[in-house]
Structures are given as C-alpha cells and as structure tokens.
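Below is one structure; the comments refer to it alone.
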2 protein chains.
Amino acid sequence: AVNEDNYTWRTCSKSDSSGASNSGCESSKESSRSSTPVLDTDRTDRLRDKMRRRTESGDHWFSLEFFPPRTASGAVNLISRFDRMGSGGPLFIDVTWHPAGDPGSDKETSSMMIASTAVNYCGLESILHLTCCNQTKEKITGYLSKAKRLGLKNIMALRGDPMGADWEEEEAGFNYATDLVKHIRCEFDDYFDICVAGYPTGHPEAESYDEDLRHLKEKVDAGADFIITQLFFRADTFLKFVRDCRAIGITCPILPGIFPIQGYQSLRQLVKLSKLEVPEEIMQVIEPIKDNDAAIRNYGIEQAVGMCRVLLESGEVPGLHFYTLNREVATMEVLRQLGLWIEDPRRTLPWAVSAHPKRKVEDVRPIFWASRPKSYIYRTQDWDDFPNGRWGNSSSPAFGELNDYYLFYLKSKSSKDALLKMWGEELTSEQSVYEVFTSYITAQPNVAGHKVMCLPWNDDPLAPETNLLKDELDKVNRRGVLTINSQPSINGKPSSDPIVGWGPPGGYVFQKAYLEFFTSSENVTALLKVLKKYEPRVNYHIVNVHGQNTTNAHDMQPNAVTWGIFPGREIVQPTVVDPVSFLYWKDEAFALWIEQWAKLYEDESPSRMIIKYIHDNYFLVNLVDNDFPLDNCLWQVIDDMFELLDNPPEEQPAEQTAEQPNDEQSDKEQPGK
Amino acid sequence: AVNEDNYTWRTCSKSDSSGASNSGCESSKESSRSSTPVLDTDRTDRLRDKMRRRTESGDHWFSLEFFPPRTASGAVNLISRFDRMGSGGPLFIDVTWHPAGDPGSDKETSSMMIASTAVNYCGLESILHLTCCNQTKEKITGYLSKAKRLGLKNIMALRGDPMGADWEEEEAGFNYATDLVKHIRCEFDDYFDICVAGYPTGHPEAESYDEDLRHLKEKVDAGADFIITQLFFRADTFLKFVRDCRAIGITCPILPGIFPIQGYQSLRQLVKLSKLEVPEEIMQVIEPIKDNDAAIRNYGIEQAVGMCRVLLESGEVPGLHFYTLNREVATMEVLRQLGLWIEDPRRTLPWAVSAHPKRKVEDVRPIFWASRPKSYIYRTQDWDDFPNGRWGNSSSPAFGELNDYYLFYLKSKSSKDALLKMWGEELTSEQSVYEVFTSYITAQPNVAGHKVMCLPWNDDPLAPETNLLKDELDKVNRRGVLTINSQPSINGKPSSDPIVGWGPPGGYVFQKAYLEFFTSSENVTALLKVLKKYEPRVNYHIVNVHGQNTTNAHDMQPNAVTWGIFPGREIVQPTVVDPVSFLYWKDEAFALWIEQWAKLYEDESPSRMIIKYIHDNYFLVNLVDNDFPLDNCLWQVIDDMFELLDNPPEEQPAEQTAEQPNDEQSDKEQPGK
C-alpha cells in the first residue's frame, strides 16, 4: 500500500495557488449529508482508493488503453466502443496524449475531449496521459486546469519523446516525467491521482536497467500513486521487474501492460517504436503464419491468456492493463477466457451514471431523457448542484440549449444512408411514419425490407424492459400513438431482477407505469375527455411544439416513477416525471423530428413536409399510472381514446366541441424564456 | 378578498432595518427546490393564504383563543389541552397578552412562551396578541423580533387598556392599535400576518359606532389582514356589523368571536370587563338557573350552536373564532354539534409536525424519538436546516444536550404520586421492573392494582399501531426484553388506513419492522450470536450507557423504515434508523431511567439501586427487518435468543466465551464529544 509520508511533494514549499486540492475535499464534505446511498463508495472513492479496495478484497480487475481517433466519425465509433467495452467492467480506461494532434484542444478528436467524453458521457473512470517534454510550465498547468474543469481526476505523467534530435536538458523546464509529477503535486496538491510508466526491460534511453529503476523510484517518491508498465512478452520479465522495484522500496501498485498480438504488421511497428525485442519462441510461431491474420490473432489471444494466468497466479498482480489499439475483439476474448469480463446486467441506477466528480451525488433524473442520457448530461453540464434524494420543486432548472445537433457525442451511430433505409427513402403520408415506429417496436423489417434499429429519440434497439410492453406498443403505434418512452409498472421485484432490477442486492424495486408519445390533436381532444375518468389515478402532461400545455400535475410537482428500497439504506428514487423539465425535453423531442428526420430529405420534398406537419401539429403526451400495485391502466386509457374516436357520442348541437385541448394554463406553465 | 394595493403601509418611507421581510421570502425560495411534497401547501402557506384557500373552497373552519396560565403546572395542562384541542383541526389558535404577567419573558407561563410552545411543540398555527399602550417603540420591536425568532408569524395588534386613569395621547408613542399595525409593517414589512379587533356594538370608549368603524377601517388600511370581533350575543349584531364594514370599504375577512356561556359568574365578569349588555332574552333564561352550572353550560352550548348556525348560513362567515376561557368541554361540544370538529385519524406524517417556519421543509426524523416528539424538537431547535427528502449521512448532527429534565413542555403529565403507583412504590428486583413494562404493554393493572398508563419513554398509552404487536411485546417484556419503541412491517397499505396510514389519499404506505429495547448484557451476548444467522436481513445497533457500540450498519448509513408513495408526488420517507443520532438518543434513553424513574425513590434505596443497576449494565438495542414484504422476523430473532439462553450449546474448553459484545468499533463510532 502507498505510504503517503514518503511523498516528497508534501514538503514542496510552494503553497497551492489554485486552491484546487481543498475544493476537492470540501465538496465531498459538503455533500456528505446527502450522498447517494446506493453508490456511496463507488462514486466517491478516487481511483487509487478503488484500486486499493479491489486489491485488498483479492478481486482481480482490468483496465483498457485507447488512443484518440483521427476523424470525427472515428470519435463517434470510439465512443460507442467505450460504451460497449465499458459494459465489461474495466476499473478505468486511459487515453494517450498525441502531442502532434493538438491534444489539449476542444476538437472532438483531441486527447482531452476523448478523455472528457469517457468520463462525462460514458461514466468511465479515466486517466488522461500527459507528456511534458518541450512544454512550458504554463502550458502544462493550463492543460491540467482544463482537465480538472472537465472532471478528469487522473493523469498519466510521461516525458514523451523529444521532438527533435537536438533535445537538451533545460534548467527550468521539464526534462523527465519526475518533473511533471512534482509540478502536478505543487500546482494541484492531491487533486489528481498520478500514474507513471515502468519499463520492465529498462527504458531504451536509460544508461542501465538499474539506473532506470532509480528513475522510477524518483517518480514514485515525487508523488505518483501507481505504475503501469510498458508491454512485455514473458511473465517472468514483469515478475522480476516487480521484485526489483520492491527491493529498492517502490511499494505502490505496479500494473502489467498487456499487449495481445493482433497482427504481424502492428506487432513489428510497435516493437520498432518501443525498441523491444520479440522473444525467439514467439517469432518462431508467428513468422510462418504472418499472412494469416486470423491465425496470428488466435495465437495472440492464446499467448496473452497464458501469460496473464501466470501473472495473476503469482499473487503480485492485482489487475491487468490492456493496450487495446482501439480494437475490441482480441482484448475482450482474452478477458473472457480469464473470467475478468463481467457484463453485469444489474445497473447501479436505472440510467447511465456520469463520472464527473460534481455529479457524484446525482441520483435523480427526469425520465424523459431515458434513451438520451448523453444529451441530458450535456444539457445539465453547467449545473453546480445535482439533485439527490429528491428532484424537488425545480421552478427554473437551467437546461442548456441544444442547438448543436451535430455535437459528435450526440450523433447517431448510423449514417444518413442507413437512416434513410430505416426511416423511408420517401414518405407518402403520416401513416408511413406510423409504420416506421411499428417496425422499430416489433423489430420486423419495414416495407423496403430493412430493420429499423433506431429512431431519432432512441439510438439503440428497444430496451429489454420495453420489450415487456411490445404487443401493446405495436397496437397503439399502428394507430398513430407514436411511443418514444415507456416503462411497465413494477410492484416490488428483487433488485437482482435481470430485466428491471438495479441497485445493490437484497433490495426491492418499484415503478409506476409510464407512457410517452406523439399523437395528433384530434387524438388529444378525445384523450382529454377519456382522462377525466382516470382522475386522480393517471397524471398527464400534454404539450405541442408551441408550448400549449395541459396537465393535472398537483402544484406542478414531480412524480417519482422509479424507486428502490434496500437493506440498511435510505430510499432511492432515480427517476421522476417533472412537469417543468418536461417542457425543456419537449423542445428537444420536437426538434429531433426536424434535425434528425426531416433534414434527411430535400427542402420542400413531400417527405420533409410530412415530418414538418407532424412536428407542427402533433402533441407530445406523457401519462403516469399512480396505482403501481394494480394492473397498468394506461393501455385501457388509449383503448378508451380509440373507442371514443371510433364511436363518437351523438353530438348535441348546443354543446361546443373543443377542437384543441384546453390551453387556459399554457401561459402560467411555460418555462420563462 | 384582501386587495393589497390598499395597504397604506406600502408607502411607508422607512426602509426595513431588520431585513426581516426579505429573509422570510428568500428562505421560502431557497427551499423551493426540495420542499416537502406531501405538505407543500399546508406548511408553506401563511395564515391569510390558508384562510383564503379555505374560504374560497366554501369550507367552514374554526379557531380557538386561550390565555396564558398562572402556574407551571397550569402550563403543562394547557399544553396537553393544545394537543387535545389541536386534534379537532382549528385553523389557528391565539394566545392573549397579559401586560401584568411579564408577557414577553422566557417564563414558562408568559404569553410569548405559551404561543411559542403552541407553534413549535404542538404544531399549531398561532397568533400572539400584543398590546401597545404605554409601551416604547423599542420595547415593541423587541417583542416582535423575539416572536419572529421563536417562529411566530401572526400578531393580533391591540391597543390594550390604559394602565392608569390619567392616560393621555403621546405624540410619538402608540395611542391606538393603528399605530401598532403601522409600526409592525414599517419594521417587519410583510413578515407577520396581522389581525385586529372589531367591535360589533362599537368600542366602549369610541365616540360613536360610526366613529369606531372608521377606526377599524384605518387599522385595516394600515395593513391588517383580517378582523376578529369582540363577543356578541345575537347573530344580527354581527351581520349588521359586517354589512356596515363592507359599506365603508373594509374587504378583509371578519371572524365572529363566539363566547359559549359557561357559567353565571364568568358571564357577569366578562360582561363587566367588556362593557357589553347581555340581551334580555338571555338573562331571562339564565337568571332562574344561575346556581345550576350544568344547566347554564347546556344553555350556553345550545345558544352558541343556534347563533353559529345562523352565522354560517348567512354566507358572510368563513370561520368561527371561539373564546374558550381555557376550557374544552363547551367549545368542543358546540363544534361537534356544528360538524366542525373533525378528528382526522389520518396524519400528514407519521410524527407530530412543528409549525416553526424554519421546519416547514422538515420531513425526515430518526424513529427513536417517535414517542417523544417534543424532546426531538427541543434538541434540534438550533438547527439551521432540517433534513428533507433524505436524512443523509449526518456525520455530526448537533443535538442539543438535554440537561433540563424539568423543562415544562417535557414534563410528564402525571404527578410523582401517580408515577409511584404505576411504576411501583418499592422495587424488589429487575423482575419487578419487567412487570411494569408488561403491565404497560397489556394495559392490565400492576400487582398493586394500578394501570400503568405511561413509561419514562412514553408519556401516553400504547399507540394503536403498537397494539398490533401487543402479544409478542407482552411475551418478550416478561423475560427482560424491555421494549420502548416498535413498529410492524407494512407492505403497501392504503394511505387512508386508519391505523398505519398517513399522507394524502390515494397513496400507499410501507414500513420495515422495528424493535427497540433495553436488555441485559447476558441477553446481548446471546443475541449477537443469533444475529449472525440474520445477515444481511436484519440491521442492528447495540449500545450501553458508556457508548460501547456494535452495529452492522453499512458505512454508518441511515436506514429508511417508513415511506409512502403518493399520486403525482415524490417519495416521502419520514422515519429513518440513523446510527449516528442513535448514539444521541441513547444518552436520553438511558438518562430517563435515572431522571424519571430512579429519582422517584430515596437515595441509596433498594428501588433506586435496581434502576441504577439497569441503567449502568443494560444495553439499548434496535433491530430493523429489511425484508418488509416478508413476515416480520424480529420476534423469531428474540425467540432464538431465548432458545440459545435456555439451551446453551455445550461449551468447548478451548473456546473463549465473550462476556460482552464486541467493542472493536466503539471508538470509531462514538459521536465526538
């Protein structure tokens, strides 16, 4: 374990000018009164503490290294990969620093932005690499301040390769990673967890293996929390290195860098760059099959699995660090064979948690963004406080405007071509839109034979939970009740339930049935009549793009629709239907018709006009059935609406028939803007 | 309705030196984000808004006037009366100002303290009377500041009777109630709701009825919110008065002051003081029966009911104000006959709410003080924030010390003699203590033939809810498991359930089973062995008077044991078992053995030594069964403990038998003090 008294940076005389470290401590103290009961330890621990806890429990874990992509679409792909590989449960991921690629910029492909996206939008504990060679202190401090602002909490401190051959030591500059470690501790005190690199066969530029070990000791003494090694090909290489480190007093965790061989060329290139020698026994296997990619990959997996087993069995290795080369298959296969890839279907909360430190207490969100968690995180990124325990009477939640629909992390994973195939090259009527929804719900091909894998409001196929409602959803979408969000009622299922469960084991989860859909104003007129029969059992909010709004929400209060009861904990209620934020969601939900769907078609084209018509005239409706112990009545509500439309009561001449829902309340209930 | 534009005080040029009004507004804004979902309107409305809401709904209501008592035991009685009469649902009570009785002091009998107790400890909306005659502005401002600090929000502004016959108008002083109203508005802006007195037959000192009406108009124009009238004997008197008020532009609510005649002497005295004439038709009935108290009271009730019916049917009377003379019977009977006395068995929360403005968001409390809510309010009176939505990880809740056991509002309602009869004139063994507990639980007389109506930890007979557990409680108390608090498990009963329900209708309430008791260290040793079988289903905390503490609470987190789900609301979880505040409760729970029980006996007497022995050696235990949907297992836990004690496994010589519960954690978990 790390002995903090050894940290030489603690004697650093420069006081912490930024106040960085203190604010970190204080904020965790401030929020202690109301921290998230379910996730306390996981969300409030810093990486080195998580690592220690896992290590002490004898649990093996893994981490994954990625490099920043070159293109925006590469970034979209990498972020999807983060989501997929994140589901296997890495302790952290790290993102390399590309000095030539404007690594600290706001470009969607920069090291900084990729690491930030991993933390903020994918909820992954992340380490940002940082190289100091040829950089001024001001520049480095700027990078670190920006990283901190973005919610990054861990830095891999590296020297980096000198830019030119004429590199010489500068008196006041950064000559070694040690200087960077000291600088981070001086300027940011204990805010960051710091990782440094270890070279099991010695750094290629070091005078000797022993000299290199002494440098490593200096880095650790300067304040590094743990070590990740360069790749190696024999378990013994690493185990000897660890013994040598321990012998000279390096006590912190040392993580082996694992490189599953994935191809002949990539191996040669990497070896050249890192000046490593590939052992003879490996070359002998590979050379004969060098043109057979599959064979090499299979060998790479086998070789990595064998080596990892030796490492884990040695008792010296708490976790394994993988150089993924931004690929999934080989690393995932190695992890699966080792039994370390654990896709836990249980969720800590019903929605995707962000790893930004200021969101660590967050445990309540409106249900509306259930399928667009990244958008929710984006629109609330400027909040100083996040609701926990209770959403509260959010009279004016400051949701960010969502103008930048092309924001790379909100982009659809599908191309324009793929979207047109799914959503129709040419729309002929509102009915053809209904069919797209129905195809999505039923997972049946559309008229053109393409499966509809996503909708503007859902970039992924139907959630397993929503599948429980499939038949009813199918029926109502066919008739123009265009559902975009729903959940069944749950009356106390175990928290370990594979479909609807979340939170720690031994608890019980509950839900109120929820249904959200677009539908025509004719339908809404009938619906409002029907809803009178369901007072006060059903709460509703009905709004059109112009903000014409009707609701029976009591005092505009939020309604908790998901909650959990756990042993020895307070109640957790992670999702609410909030009348106020619904009007902000409304802006986004309607805009997606235009931005994601209508704009696929030519200006003035009939297809575009149909979507535009729906956007301008349909209402967005949400319904909650408060009586969660009874059978969900929301389908009956919709049936009653269809029944009323199919068999309207004979009109009485004296009575005025409302063409539109009542808009008496619309002024009062629109968010001020 | 009140037209605020008419308030002349709004043009008052003096700025608000105390900032009083603003802080009132701000605090309600600050807390709006997390206000109590169940009680929003009731708890956040000010009196004039509540009055308007009730009036607009066509609902009739009543209010009750009391005067401060002369003695401390009179105060204890009056506070019990507040609790009893509060259960009938008055919109407010008011407490008269006795200039001769040091009315603004901290004495338990002062007007100020009685009104404060009504607000803080009895949860009643209260009006404090205040007379200004012969007072300096500084003195009056001092009274008002103190009232505000104590949580009082309403003032009845009166001139009061001049002290001597030589009273003359002072230029800069308070000559009329109007001056006081203006002063309150100047100094405290809109913080207080202000009530003024109306005289249906004219003020005795006024030049004329019309002149008096003009004075009343001035008081209202100066900023009064509503009017309560002097008593009268004929409905017509009041109704004419209201018509005359409306005619000169008085638009605020006018509440009739109702005086049920309760006795011949009290009527004569009151009439003399108020210079009223008793109508001939009343005197004719009363004179012949003037020595028959019961007959007069019956007549008084009949007369008041008849007059109130006329008033209510007139449509001019939103509510009735009763001059109770600090008596219960007549007023309650009138209210019952009018159908206005509504004892609603449903509670807004499972515990007694305080009406102090700073507690209006409070909706979570530890379960420990369930039978001692006034003590809890007292010990947390200095808190600036009250937990709502979630108790949170209260690492250091600053509970006030409870040194003043003689505090009048925490005093037992029973005398020392009565307590000795119930709890035993002479105790002979621990067993005789067990029998007192058993008698209390079963409501059967003790060996001396007296019913045990209270215990040091419960000043009232067993709650209906606890009665559900009576048989089991009886069994375990006989064997020295001395229960002081418990609740059954509830898995979703309607919120309208007469025994366990609370909160608004249409909801569902839940509970985890809870049991709290004192027991010997021998029992605790066995209990701890038994509890291993119930992990993680049962959470426990076990502590003795010295703070030796054992718990399996996860991270010392609170455990929600009561919660409710309501239509269109967030989850409400009003009671928790909090490991930290348990250690503060422990101090109180153990001290009650000595302060309330042991001290009944002579120093060094055997009875006192027995209680002292229990105090010094027993442990206080609480148990929570987390599996609320299953049958409560806590009785099985106790049975298992008895089984283990009755049939101990054969001791193995090598094994060390623990004499005491494990105290490894005691240092860590004791609150710092």
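The values are calculated or read from the model by the stated rules, or taken from the named source; none is laboratory data. Every value quoted in this text rests on a predicted model; they were computed, and no experiment measured them. A quick note on method: Cβ atoms are made from the backbone with ideal geometry, for glycine too, and the neighbour counts reach across all protein chains shown. Heavy atoms of the whole protein, side chains included, go into the accessibility calculation; ligands, DNA and RNA do not. Shrake-Rupley method; radii C 1.70, N 1.55, O 1.52, S 1.80 Å.
Could you work out how far the C-alpha centroid of the stretch A:470-521 sits from that of the stretch B:179-197, in angstrom?
54 Å
With n ≥ 4 as the cut-off for DSSP H runs, can you work out [θ] at 222 nm for chain B, using -39500 (n - 2.57) per run divided by the number of residues, rounded to the nearest 500? Don't skip to the answer; put the middle values down first.
On the way: 23 runs with 246 residues, N = 673.
That comes out to -11000 deg cm²/dmol.
Quick one: 3J(HN,Hα) in Hz for the stretch B:106-121, Karplus 6.51/-1.76/1.60 with θ = phi - 60°, rounded, Gly and Pro as x.
For the stretch B:106-121, the Karplus-derived couplings read 8, 4, 5, 9, 6, 3, 4, 6, 5, 5, 4, 4, 4, 6, 6, 9 Hz, x marking Gly and Pro.
Using 0.36 nm per residue of separation minus the Cα-Cα distance, give me the extension gain between B:TRP383 and B:ASP460 in nm, one decimal. Before the final figure, lay out each step's value.
Working: separation 77, 0.36 × 77 = 27.72 nm, distance 2.73 nm.
Extra length available between B:TRP383 and B:ASP460 comes to 25.0 nm.
Please list, in chain and number order, the residues 5+ apart from A:ASN559 or on another chain whose amide H is under 5 Å from its amide H, with Hs placed from the backbone.
Hits under the 5 Å cutoff: A:VAL577, A:ASP578.
If you put a point 7 Å past Cα along the Cβ direction, how far is that point for A:ILE499 from the same point in each other copy, in nm, smallest first?
Inter-copy label distances (nm, one decimal, shortest first): 3.7.
Treat each spin label as a single point 7 Å out from the Cα along the C-beta direction, and report the B:TYR209 to A:GLU522 distance in nm.
6.8 nm
For A:LYS470, tell me the accessible area in Å² from a 1.4 Å probe, rounded to the nearest 10.
Approximately 70 Å² of A:LYS470 is accessible to the 1.4 Å probe.
List the residue from chain A whose beta-carbon is nearest to the axis that rotates chain A onto chain B, together with that distance in whole Å.
For chain A, the closest residue to the axis carrying it onto B is A:GLY389, 2.
Could you state how much accessible area B:CYS308 has, in square angstrom rounded to the nearest 10, with a 1.4 Å probe and all protein chains kept in place?
Approximately 0 Å² of B:CYS308 is accessible to the 1.4 Å probe.
Calculate, for A:THR428 and A:ARG327, the FRET efficiency according to 1/(1 + (r/R0)^6) with r their C-beta to C-beta distance and R0 35 Å; round to the nearest 0.05.
0.20
Work out the mean other chain Cβ neighbour count within 10 Å for the residues of A:552-565 and drop it here as an integer. Walk me through the numbers on the way to the answer.
Values: counts 2, 3, 8, 6, 1, 8, 4, 7, 8, 1, 1, 5, 1, 11.
Mean partner shielding for this stretch: 5.
First check a/c for the stretch B:186-269, with a ≥ b ≥ c the square roots of the eigenvalues of its C-alpha gyration tensor; if it is under 1.5, answer rounded, and if not, answer prolate when a/b is larger than b/c or oblate otherwise. Intermediate results must be reported in sequence, preceding the final value.
Details: a/c = 2.00, a/b = 1.50, b/c = 1.33.
Here the stretch B:186-269 falls in the prolate category.
Can you tell me the order of B:472-482, B:284-294 when each peptide is scored by its average per-residue count of other Cβ atoms within 10 angstrom, highest first?
B:472-482, B:284-294
Based on DSSP, what percent of beta bridges with both residues in the protein assembly as shown are antiparallel, to the nearest 5? Numbers along the way, then the final one.
On the way: 72 of 138 bridges.
Among the beta bridges of the protein assembly as shown, antiparallel pairing accounts for roughly 50 percent.
What order do B:THR428, B:THR442, A:THR348 take when sorted by accessible area (1.4 Å probe), most exposed first?
Details: B:THR428 110, B:THR442 25, A:THR348 60 Å².
Per-residue accessible area, sorted high to low, gives B:THR428, A:THR348, B:THR442.
Which cross-chain or sequence-distant (5 or more) residues have an amide H under 5 Å from the amide H of A:LEU64, H modelled 1.01 Å from N in plane?
The list, which skips near neighbours in sequence, is A:PHE92, A:ILE93, A:ASP94, A:PHE322.
Under the rule of at least 5 residues apart or a separate chain, name every residue whose amide H is placed under 5 Å from the amide H of B:MET156.
B:LEU128, B:HIS129, B:LEU130, B:CYS195
Whole-Hz Karplus ³J(HN,Hα) for the stretch A:350-363, in order, using 6.51 cos²θ - 1.76 cosθ + 1.60 and θ = phi - 60°, x for Gly and Pro?
Each residue's phi maps through the Karplus curve to give x, 10, 6, 6, 8, 9, 5, x, 6, 9, 5, 8, 4, 9 Hz.
Could you pull the copy-to-copy label distances for A:LYS599, with points set 7 Å along Cα to Cβ, in nm to one decimal and sorted shortest first?
Distances between equivalent label points, in nm: 7.7.
Where Lys and Arg each count +1 and Asp and Glu each count -1, what net charge lies around A:SER126 among other residues with Cβ under 12 Å from its Cβ?
Working: positive: A:LYS153; negative: A:GLU65, A:ASP94, A:GLU125, A:ASP193.
Around A:SER126, the charge tally is -3.
Which whole-Hz couplings ³J(HN,Hα) result when phi for each residue of the stretch A:475-490 is put into the Karplus expression 6.51 cos²θ - 1.76 cosθ + 1.60, θ = phi - 60°, listed in order with x for Gly and Pro?
Karplus-based 3J(HN,Hα) across the stretch A:475-490 equals 4, 7, 5, 4, 9, x, 9, 8, 6, 10, 6, 6, 8, x, 7, 9 Hz.
Mark the label point 7 Å from the Cα of B:SER87 along Cα→Cβ and return the residues of the stretch B:323-354 whose backbone N is within less than 13 Å of it.
Residues B:342-347 fall inside that zone.
Take every residue in peptide B:531-541, count the Cβ atoms of other chains within 10 Å of its Cβ, and give the average of those counts. List each step's numbers first, then the result.
Numbers: counts 0, 0, 0, 0, 1, 6, 2, 2, 3, 0, 0.
Averaged over the peptide's residues, the number is 1.
Pop a pseudo-label 7 angstrom from the Cα along the beta-carbon direction at both A:ARG537 and B:LYS137 and give the gap in nm to one decimal.
For the pair A:ARG537/B:LYS137, the computed spacing is 6.4 nm.
So if R0 is 56 Å, what FRET efficiency would B:LEU645 and A:ALA418 give, r being the distance between their Cβ atoms, rounded to the nearest 0.05? Intermediate results must be reported in sequence, preceding the final value.
Values: r = 72 Å, r/R0 = 1.29.
With a Förster radius of 56 Å, E is 0.20.
Scan the stretch A:279-359 for GluC sites (Glu not before Pro) in coil per DSSP, keeping those whose Cβ has at most 12 other Cβ atoms within 10 Å, and list them by number.
The qualifying sites are A:GLU343.
Among B:363-374, A:520-531, how do they line up by average Cβ neighbours within 10 Å per residue, starting with the highest? Spell out each step's value before the answer.
Numbers: B:363-374: 24.1, A:520-531: 18.9.
Final packing ranking: B:363-374, A:520-531.
Roughly how many whole Å is it from the C-alpha centroid of the stretch A:548-608 to that of the stretch B:554-615?
Between the Cα centres of the stretch A:548-608 and the stretch B:554-615 lies a distance of 44 Å.
If you count only protein heavy atoms and use a 1.4 Å probe, how large is the accessible surface of A:LEU216, to the nearest 10 Å²?
Answer for A:LEU216: close to 10 Å² accessible.
Suppose every Lys and Arg Cβ carries +1 and every Asp and Glu Cβ carries -1, with no other charges. What dipole size does the protein assembly as shown come out with about its Cα centre, to the nearest 20 debye?
Its charge dipole is roughly 40 debye.
What is the spin-label model distance, in nm, from A:GLN337 to A:MET609 if the labels are put 7 Å beyond Cα along the C-beta direction?
6.1 nm
Looking at the square roots a ≥ b ≥ c of the eigenvalues of the Cα gyration tensor of the stretch B:216-320, which shape do they give, rounded for a/c under 1.5, prolate if a/b is larger than b/c, or oblate? Don't jump to the answer; show the numbers that get you there.
Details: a/c = 2.67, a/b = 1.99, b/c = 1.34.
Verdict is prolate for the stretch B:216-320.
For a quick check of your reading of the filter: which GluC sites (Glu not before Pro) in the stretch A:532-615 sit in a DSSP loop and have no more than 14 other Cβ atoms within 10 Å?
Working: sites: A:GLU570, A:GLU588, A:GLU595, A:GLU602, A:GLU604; in loops: A:GLU570, A:GLU602, A:GLU604.
Filter output for the stretch A:532-615: A:GLU602, A:GLU604.
Only four residue types carry charge here, +1 at the Cβ of Lys and Arg and -1 at the Cβ of Asp and Glu. Report the dipole size of the stretch B:205-280 about the Cα centre in Debye, rounded to the nearest 20.
Its charge dipole is roughly 280 debye.
Efficiency by 1/(1 + (r/R0)^6): what FRET value for A:GLN269 and A:ARG149, r their Cβ-Cβ distance, R0 = 25 Å, to the nearest 0.05?
On the way: r = 35 Å, r/R0 = 1.42.
Efficiency for this residue pair is about 0.10.
Where nothing but the Cβ of Lys and Arg (+1) and of Asp and Glu (-1) is charged, how large is the charge dipole of the stretch A:245-308 around its Cα centre, in debye to the nearest 20? Spell out each step's value before the answer.
Numbers: 6 positive and 7 negative charges, 66 e Å.
For the stretch A:245-308, the charge dipole is close to 320 debye.
Is the stretch A:431-545 best put as rounded, prolate or oblate by its Cα gyration tensor, with a ≥ b ≥ c the root eigenvalues, rounded for a/c under 1.5, and otherwise prolate when a/b is larger than b/c, oblate when not? Numbers along the way, then the final one.
Details: a/c = 2.58, a/b = 1.17, b/c = 2.20.
Oblate, since a/c reaches 1.5 and b/c is not below a/b.
Of all DSSP beta bridges in chain A, what percent run antiparallel (nearest 5)? Intermediate results must be reported in sequence, preceding the final value.
On the way: 36 of 69 bridges.
Expressed as a percentage, antiparallel bridges in chain A total about 50.
For peptide B:568-579, how many partner chain Cβ atoms fall within 10 Å of a residue's Cβ, on average?
Details: counts 18, 10, 16, 13, 3, 7, 0, 0, 3, 1, 1, 1.
The per-residue average across the peptide is 6.
List the residues of the stretch A:301-334 whose backbone N lies under 17 Å from a point placed 7 Å from the Cα of A:ARG234 along the Cα-to-Cβ direction.
A:303-304, A:306-311
In nm, what does the list of distances from B:LYS413 to its counterparts in the other copies look like, shortest first, when each label sits 7 Å along Cα to Cβ?
6.7
Using the structure shown, select from A:LYS413/A:LYS599; A:LYS182/A:LYS217; A:LYS50/A:LYS358; B:LYS139/B:LYS182 the pairs with a Cα to Cα distance greater than 20 angstrom.
From the list (A:LYS413/A:LYS599; A:LYS182/A:LYS217; A:LYS50/A:LYS358; B:LYS139/B:LYS182), the Cα-Cα distance tops 20 Å for no pair.
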